[in-house]
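Each remark here refers to the structure printed beneath this line.
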Amino acid sequence: MKKRIVVFISRQGSNLNAILDNCYQQNGILKDLCEVILVVADRVTAVPGLEKAQHYGIPTKLILKKNYKDNIAFSHELISELAPLYPDYVVLAGFMSILSHDFVKTFRNRILNIHPADPKLYKGPNGYKWAYQQFLPSTKITVQLVEEEVDNGNILAQQEVDLQGVRSLQDVISRGKAVEHQLYSQTLLKIFKNHIPIDNCFQ
Ligand code: GRF
């Protein structure tokens, strides 16, 4: 049976694009293993990503966080949208909102995130800017489970990015994202094939 995933985005959605291509293109590594049942965005900057998903015939929802009185109300709406779909995994791909305790509890061990740094060294947004400003010779892209505390879940996969010789933040981002686009789908593949053990039970 194909795994059913929901993808959450906030920005340009290049990770979403890579996942969609791997799910739906002839030589995609996730083809026949996975279907994207919904793409959710929390702000208008993600509309181009939603359009790409629509191009593949995938349902999309723009649930504007700014329309909710707080994070709990916003996350509650997300739970109401997702729960009837019984997704196997919720894949955060550049999603900038923090999910509530209830959301994490409802989908515990089924929520994945990609972080553009080693979370043991740097948590929060702007991981590439941090690496650039620190003149790091390399950084680590991380795929991890989502827990209540930001960037604190179990690490599922990491891959190093060589930053030697970079001339700008844009160089760092380009090198990093090239790795992200491969690593996220490869990690999903391993999870779907049970090569990375995750406790799959609803709590
Ligand atoms: C990526 O760098 C990801 O690691 C971070 O947010 C960014 C999203 O980029 N969590 P995109 O929208 O997938 O292009």
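Just a few scattered comments:
- Among the residues making up region 148-168, those that are charged (D, E, K, R) and at pLDDT below 95 are Glu148, Glu149, Asp151.
- Tabulated pairs, region 86-107, first of a type in the set (A, V, I, L, M) and assigned to a helix (DSSP H, G or I), second away from the ligand (no atom under 16 Å from the Cβ) and modelled with pLDDT under 95, C-beta under 8 angstrom, 6+ apart or interchain: Val104/Glu148
- Region 112-123 residues that are within 17 Å of Asp162 (Cα to Cα), paired with ones that are modelled with pLDDT of 95 or more and of a type in the set (Asp, Glu) (beta carbon under 8 Å, 6 or more apart): Pro116/Glu180
- Of all residues in region 158-189, those satisfying the criterion of being small (Gly, Ala, Ser) and surrounded by 19 or more Cβ atoms within 10 Å (Cβ to Cβ) are Gly176, Ser185.
- Residue list for region 49-76, filter: assigned to a helix (DSSP H, G or I) and surrounded by fewer than 17 Cβ atoms within 10 Å (Cβ to Cβ): Glu51, Gln54, His55, Lys66, Asn67, Asn71, Ile72, Ala73, His76
- Every residue from region 120-145 that is buried (at least 22 other Cβ atoms within 10 Å of the Cβ), within 11 Å of the ligand (Cβ to nearest atom) and either within 23 Å of Ile198 (Cβ to Cβ) or under 15 Å from the mean Cα position of the chain (by Cα) (or both): Gly127, Ile141, Thr142, Val143
- Tally, over region 1-43, of residues that are under 16 Å from Pro87 (Cβ atoms), in contact (Cβ under 8 Å) with a residue 60 or more places away in the chain, assigned to a helix (DSSP H, G or I) and away from the ligand (no atom under 11 Å from the Cβ): 0
- Filter pass, Glu160 being of a type in the set (Asp, Glu) and either closer than 25 Å to Asp88 by Cβ or in contact (Cβ under 8 Å) with a residue 40 or more places away in the chain (or both): no
The values are calculated or read from the model by the stated rules, or taken from the named source; none is laboratory data. The shown structure was predicted, so the numbers you read here are calculated from the model rather than taken from an experiment. Virtual Cβ from ideal backbone geometry, glycine too; neighbours counted across all protein chains shown.
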